[in-house]
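Data first, discussion second: the structure below is written as structure tokens.
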Amino acid sequence: MRRFSKVEKIIFCTIAGVLDFLLNAFFNHYLNMPVFLDTTFVVTALLLFDFPCSVYTLLVFYVLKSFFPHMHQLYTLYEFFYSLGGLAYIGICALFFKKKEDLFSSVYKTFWIIFEAALLGAIATSVVGGIINTIYFGKMSDSYIPRRLFFIFFGHNVNLLLSCILGRIPIFVLDRLITTFLGFALFKFFNKIFEERQN
């Protein structure tokens with residue numbers, strides 16, 4: 001795999017953060033689809049480079065999002081707390097993708113590694129987000145999709161924290177499956193381009 005300079009990494013990850021922002025704005029806010037798609041290029045950066053680069057990509061996304069308050073479900077300050085869920089997700093993906101020889105050993109193994117990383121990452125994100133929702137309960141807008149699912153559980157006398165977590169899991173499982181597999185596909189695409197240019 002080609003080695004990249006720090007400048008190349010910064011440029012790529014900055015653009016990647018912008019693209020994650022645009023994906024999120026288009027699908028989640030403009031089309032109002034029940035997915036966030038805000039970690040697609042975060043996964044790509046993780047696979048192409050390393051964990052710090054994926055964290056930088058995530059931060060670029062949240063910094064950009066802070067300039068568009070109409071896109072927030074919470075106030076700007078609280079929105080940044082959701083980056084902790086993203087960090088948990090990236091951390092889990094980094095653990096699963098640590099041995100890249102296993103990740104590329106076979107199609108079957110590749111699928112299950114990505115699937116498991118996405119599933120556990122979704123649960124971790126839901127737990128972190130659920131805790132944040134519990135602390136700042138009532139500040140979510142009525143259009144916020146996990147809030148609608150939350151009321152299904154809360155309406156049946158399920159604990160507030162548990163309702164906040166369970167209400168997020170279906171959305172984040174779907175979202176993380178899409179973003180993790182798509183991020184991997186984009187990694188393969190960019191890696192091929194970079195290798196061809198090197199040769």
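The values are calculated or read from the model by the stated rules, or taken from the named source; none is laboratory data. From a predicted model like this one, the values you see are computed outputs, not experimental measurements. Because the Cβ atoms are built from the backbone with ideal geometry, glycine has one as well, and the counts that use them run over all protein chains shown. Note: areas computed on protein heavy atoms with side chains; ligands, DNA, RNA excluded. Shrake-Rupley method; radii C 1.70, N 1.55, O 1.52, S 1.80 Å.
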How many residues, within region 44-62, are open to solvent by 70 Å² or more (accessible area, probe 1.4 Å) and either β-branched (Val, Ile, Thr) or closer than 20 Å to Lys188 by Cα (or both)? 2
Every residue from region 134-181 that is at pLDDT below 80, assigned to a helix (DSSP H, G or I) and closer than 27 Å to Thr40 by Cα: Ile145, Pro146, Arg147, Arg148, Leu149, Phe150
Looking at region 103-113, can you tell me whether even one residue there is of a type in the set (Lys, Arg), in contact (Cβ under 8 Å) with a residue 24 or more places away in the chain and over 24 Å from Ile169 (Cβ atoms)? no
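Which of the residues belonging to region 29-38 are buried (at least 19 other Cβ atoms within 10 Å of the Cβ) and either touching a strand residue (DSSP E or B) at 6+ places or on another chain (Cβ under 9 Å) or not aromatic (Phe, Trp, Tyr) (or both)?
Val35, Leu37, Asp38
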Sort through Phe12, Phe21, Phe41, Phe4 and tell me the only one that's at pLDDT 90 or above, part of a loop (DSSP other than H, G, I, E, B) and open to solvent by less than 50 Å² (accessible area, probe 1.4 Å). Phe4
Considering every residue within region 119-133, establish whether at least one is at pLDDT below 85 and open to solvent by 80 Å² or more (accessible area, probe 1.4 Å). no
Got at least one residue in region 86-102 being at pLDDT below 95, small (Gly, Ala, Ser) and surrounded by fewer than 20 Cβ atoms within 10 Å (Cβ to Cβ)? no
